[in-house]
Amino acid sequence: MMKKMNKKFMLLLSVAALGMQAGCSSNETAKSTAVNQEAESTSEASETQESAEAKIEKPEKITVLYDMGTLTQTAGLNEWIARWEELTGIELELITPDHDAYTDIVGQTFASGPENWPDVIMLSATEYCGYANEGAFWDMTEAWNNSELKKSGNVDTDIVEANMLDGHLYGFSKERGNGCITYVKKSWLDNCGLEAPTNYEEYLNMLDAFTNGDPDGNGINGDTYGVSAAGLLGTDGGVSTTYLPEIYLDAYPTFYQKEDGTWVDGFTEDAMKEAIERLKYVYDQGYLDRETLTNGTSDCRNKFYEDKFGVFTYWAGSWATKLKTNLESNGLDGELVVLEPIEELDHYIERNATVMCITKSCENPEGVWKYFIESTCDGGDMQILWTYGVEGVHWSTAAETVCGNTYQEGEFHMLENPDTPGAQFTNANTDPLLTINPMENDPGKDIVSPEARTSQDIFNANSKVDELPVTSDARSQYNGDLITLKRSIVTDCVVNGLSVEEGYQRFQDEHGQEWSDLIVESLNQE
């Protein structure tokens with residue numbers, strides 16, 4: 001191959017020299033020859049890639065440890081496996097622990113030794129970073145870069161490549177991680193004579209009107225409040241601020257990598273200190289639900305449905321429909337305004353997606369990549385299977401009535417989920433709104449509600465994937481205690497009246513700065 005390329009290179013040099021001597025006519029000849037040579041080179045590269053693809057051995061069997069979510073044995077899992085095997089001609093051993101036990105099973109599987117590892121395993125971002133750091137996975141970087149999937153230009157490559165560790169890809173995400181977006185009750189805005197806020201000042205004015213005015217129109221001022229959240233600060237990562245993004249703004253309370261590649265702890269930066277001041281202000285003014293510290297997400301949802309507050313940052317996509325439906329079930333106006341990020345916020349944070357990894361124990365990783373992982377986003381029958389399941393089991397186009405909804409012949413619809421009588425399936429495993437490869441001929445495109453699609457589209461266009469929770473020995477040793485201390489300091493400052501300066505003195509006195517420095521140093525040495 002090198003000899004061929006050298007000959008072509010010498011030929012191009014000769015043609016160029018002749019062209020310089022012979023004038024315009026020869027220049028045209030040289031250009032034509034160069035184009036032909038380039039076309040030949042491109043053709044050879046294409047043939048080489050096709051040859052490599054042809055040499056990939058088709059596995060006889062693939063073993064997969066995967067959390068299939070609501071697709072249980074009683075909800076058509078066996079039929080799903082049978083359809084997958086029918087499409088591929090490969091035996092599939094799909095190990096699907098209960099959702100609540102999945103993390104424990106993952107740990108037990110890795111601890112049992114490589115001889116017991118499956119070919120493919122689905123992992124959270126934290127698990128992925130930890131086990132990748134131990135060298136447990138096949139490097140799929142080259143397979144991804146050379147894949148038809150990437151070359152198609154149809155997929156969201158940013159989602160996939162957000163999983164790269166030091167420039168290498170060890171895990172593939174077939175769908176987005178998604179995140180939370182801010183919903184505002186349209187009727188409350190109208191009752192207060194307001195438009196949707198576009199900056200922090202307007203956001204505060206809205207919270208003030210929702211707290212001290214009569215946004216619910218019941219004739220009583222001050223019986224509502226602006227915003228509620230499930231906690232003041234989450235456990236870790238950028239998503240720890242996810243329920244109060246307009247107050248945290250650009251603050252990032254944990255470790256992240258700057259543009260120059262160095263790691264820092266965002267909790268120690270001025271942006272975080274300013275965010276705590278803003279939290280103190282909205283709490284002291286009564287704009288923020290006084291029970292935020294102890295709220296769970298279900299508490300917030302119930303309060304929202306009971307018209308106690310008007311601004312709720314919650315999951316994008318299908319939850320837009322659920323919020324609307326539940327408000328209307330309570331006799332309230334269900335119209336919600338989905339906020340684009342206010343000026344100072346810049347973007348919402350998208351959580352890290354789960355990944356599929358090929359373990360080092362897999363004997364034919366190229367074949368497993370091609371026939372299992374890459375096929376999940378083929379835009380055809382296999383992607384339909386992952387998204388909607390099996391015809392006649394999970395979805396249908398027959399004329400019938402399902403869960404009180406009547407469908408005409410040829411109208412795509414989901415069937416009743418036997419595990420939740422009276423409710424239809426929403427998907428098999430891949431959320432159609434979250435796929436990295438939107439299907440051109442999506443049979444279920446019309447079952448997604450307009451408000452859900454709007455919510456998801458706005459989020460997708462205005463979000464950034466969170467930092468991967470890259471591990472180190474120091475982070476594993478100290479970060480749990482560090483997170484606990486950070487949350488305690490935020491609580492003391494916001495709820496108990498501690499000043500921000502006093503809070504950061506606690507951070508110094510109680511080893512927070514010491515632990516933070518050790519973790520930063522370890523990450524910068526990795």
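The values are calculated or read from the model by the stated rules, or taken from the named source; none is laboratory data. Computed from a prediction, not measured in an experiment: that's the story for all the values here. Cβ sites come from the backbone with ideal geometry, for glycine too, and all protein chains shown count toward neighbours. Surface accessibility is based on the protein's heavy atoms, side chains included, excluding ligands, DNA and RNA. Shrake-Rupley method; radii C 1.70, N 1.55, O 1.52, S 1.80 Å.
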Residues within the range 503-526 that are exposed (fewer than 14 other Cβ atoms within 10 Å of the Cβ) and in contact with a Cys (Cβ under 8 Å, 6 or more places away or on another chain), tallied: 0
Residue check for residue 427: under 27 Å from residue 96 (Cβ atoms) and under 21 Å from the mean Cα position of the chain (by Cα): yes
Enumeration of residues in the range 472-502 that are closer than 17 Å to residue 232 by Cβ and open to solvent by less than 20 Å² (accessible area, probe 1.4 Å): 482, 485, 486, 489, 490, 493, 494, 500
Within the range 279-318, tally of residues that are of a type in the set (Lys, Arg) and surrounded by fewer than 16 Cβ atoms within 10 Å (Cβ to Cβ): 2
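Tell me which residues, restricted to the range 226-239, are open to solvent by less than 40 Å² (accessible area, probe 1.4 Å), out of contact with any Cys (no Cβ under 9 Å at 6 or more places or on another chain) and within 21 Å of residue 179 (Cβ to Cβ).
Going residue by residue through the range 226-239, those that are open to solvent by less than 40 Å² (accessible area, probe 1.4 Å) are 226-234, 237-238.
Next, only the ones that are out of contact with any Cys (no Cβ under 9 Å at 6 or more places or on another chain) stay: 226-227, 231-234, 237-238.
Matches in the range 226-239: 227, 231, 232, 233, 234, 237, 238.
Restricting attention to the range 130-146, does a residue exist that is more than 25 Å from residue 371 (Cβ to Cβ) and either in contact with a Pro (Cβ under 8 Å, 6 or more places away or on another chain) or of a type outside the set (Asp, Glu) (or both)?
Our first condition is that a residue be more than 25 Å from residue 371 (Cβ to Cβ); within the range 130-146, this holds for 130, 133-134.
Checking which are either in contact with a Pro (Cβ under 8 Å, 6 or more places away or on another chain) or of a type outside the set (Asp, Glu) (or both) leaves us with 130, 133.
The answer is yes; a qualifying residue exists.
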Every residue from the range 83-119 that is closer than 22 Å to residue 69 by Cβ, aliphatic (A, V, I, L, M) and either in contact with a Pro (Cβ under 9 Å, 6 or more places away or on another chain) or part of a helix (DSSP H, G or I) (or both): 87, 95, 101, 105, 106
Number of the condition not met by residue 182 [criteria: (1) more than 17 Å from residue 284 (Cα to Cα); (2) open to solvent by 10 Å² or more (accessible area, probe 1.4 Å)]: (2)
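Restricting to the range 194-225, name every residue that is part of a helix (DSSP H, G or I) and either among the hydroxyl-bearing types (Ser, Thr, Tyr) or in contact with a Cys (Cβ under 6 Å, 6 or more places away or on another chain) (or both).
Quick first cut of the range 194-225, residues part of a helix (DSSP H, G or I) only: 200-212.
Correct list: 200, 203, 209, 211.
Does the range 125-156 hold any residues that are farther than 28 Å from residue 472 by Cβ and either within 13 Å of the chain's Cα centre (by Cα) or open to solvent by less than 50 Å² (accessible area, probe 1.4 Å) (or both), and which are they?
The first filter runs over the range 125-156 and keeps only residues farther than 28 Å from residue 472 by Cβ, leaving 146-156.
Once the filter is applied, which keeps residues that are farther than 28 Å from residue 472 by Cβ and either within 13 Å of the chain's Cα centre (by Cα) or open to solvent by less than 50 Å² (accessible area, probe 1.4 Å) (or both), the range 125-156 yields 147, 149, 155, 156.
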Criterion: touching a residue at least 60 places away in the same chain (Cβ under 8 Å) and out of contact with any Ser or Thr (no Cβ under 8 Å at 6 or more places or on another chain) - qualifying residue of 292, 313, 297: 297
Filter result (under 15 Å from residue 384 (Cα atoms) and touching a Phe, Trp or Tyr at 6+ places or on another chain (Cβ under 8 Å)) within the range 69-101: 71, 88
Number of the condition not met by residue 86 [criteria: (1) open to solvent by 20 Å² or more (accessible area, probe 1.4 Å); (2) touching a helix residue (DSSP H, G or I) at 6+ places or on another chain (Cβ under 9 Å); (3) without any contact (Cβ under 8 Å) to a residue 60 or more places away in the chain]: (2)
Sole exception among (1) touching a residue at least 24 places away in the same chain (Cβ under 8 Å); (2) touching a strand residue (DSSP E or B) at 6+ places or on another chain (Cβ under 6 Å) for residue 280, by number: (2)
Residue within the range 90-108 that is open to solvent by less than 50 Å² (accessible area, probe 1.4 Å), modelled with pLDDT of 95 or more, of a type in the set (Ser, Thr, Tyr) and under 23 Å from residue 419 (Cβ atoms) present: yes
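Can you name the residue in the range 491-526 that is assigned to a helix (DSSP H, G or I) and polar (S, T, N, Q) and is also nearest to residue 286 (Cα to Cα) among such residues? Spell out the reasoning first.
Pass one, the range 491-526, residues assigned to a helix (DSSP H, G or I): 491-494, 500-509, 512-525.
Still in the running and polar (S, T, N, Q): 491, 505, 508, 513, 516, 522, 524-525.
Working: 491: 16, 505: 27, 508: 30, 513: 32, 516: 33, 522: 42, 524: 42, 525: 45 Å.
Result: 491.
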Residue pairs meeting the criteria (Cβ under 9 Å; at least 6 apart or on separate chains; first at positive phi, in the range 344-363; second among the basic types (Lys, Arg) and not in a loop (DSSP other than H, G, I, E, B)): 346/464
